[in-house]
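I have placed the structure first, in the form of structure tokens, so that the comments after it can refer back to it.
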Amino acid sequence: MGQASRSVQQQIIDKKLRFYVIDGYKVAKDTGMGARVNTIMQTCFFAISGVLPRDEAIQSIKDSIKKTYGAKGEEIVRKNYRAVDETLANLFEVKIPAAATSTWERPP
């Protein structure tokens, strides 16, 4: 679990935290979105939060994209759809080990 202190690692384990990473700016750049990460981060939230079933959430995001950007042209809609799809392909859960492995503690 990286360079976290043993006590911090243990808290993460005890609380059964789930941790995800994505390079949102890379996804935005690669999908033609420039530096705009709002669609990407919204997709992350709904993909991992459980507020809605994942497939339903993604379809709702795409429906919203069509409604919001449809008048700006199909290319804008396609870029946003691709950003959603690439977000799902580039969102990774960091596996948390069963036991703390750090050899150092934070000073008092």
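Computed quantities for the displayed model
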quantity	calculated
Residue match in region 19-39 (condition: closer than 23 Å to VAL94 by Cβ, at pLDDT below 95 and of a type in the set (Lys, Arg))	no
Some residue of region 31-49 being open to solvent by 80 Å² or more (accessible area, probe 1.4 Å), of a type in the set (Lys, Arg) and in contact with a strand residue (DSSP E or B) (Cβ under 8 Å, 6 or more places away or on another chain)	no
Residue within region 7-27 that is outside any helix (DSSP H, G or I), surrounded by 18 or more Cβ atoms within 10 Å (Cβ to Cβ) and not acidic (Asp, Glu) present	yes
Selection from region 9-50 of residues that are under 30 Å from THR103 (Cα atoms), of a type in the set (A, V, I, L, M) and within 10 Å of the chain's Cα centre (by Cα)	VAL21, ILE22
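Each row is one residue, and each column tells you yes or no for (1) part of a helix (DSSP H, G or I); (2) more than 25 Å from PHE19 (Cβ to Cβ).
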position: ALA47; (1), (2): yes, no
position: GLU56; (1), (2): yes, no
position: LYS66; (1), (2): yes, yes
position: GLY70; (1), (2): yes, yes
position: ILE76; (1), (2): yes, yes
position: GLU93; (1), (2): no, no
position: SER102; (1), (2): no, no
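The values are calculated or read from the model by the stated rules, or taken from the named source; none is laboratory data. Keep in mind it's a predicted model, so treat the numbers as computed, not measured. Every residue, glycine among them, receives a Cβ derived from its backbone with ideal geometry; neighbour counts consider all protein chains shown. Accessible surface areas use protein heavy atoms only, side chains included; no ligands, DNA or RNA. Shrake-Rupley method; radii C 1.70, N 1.55, O 1.52, S 1.80 Å.
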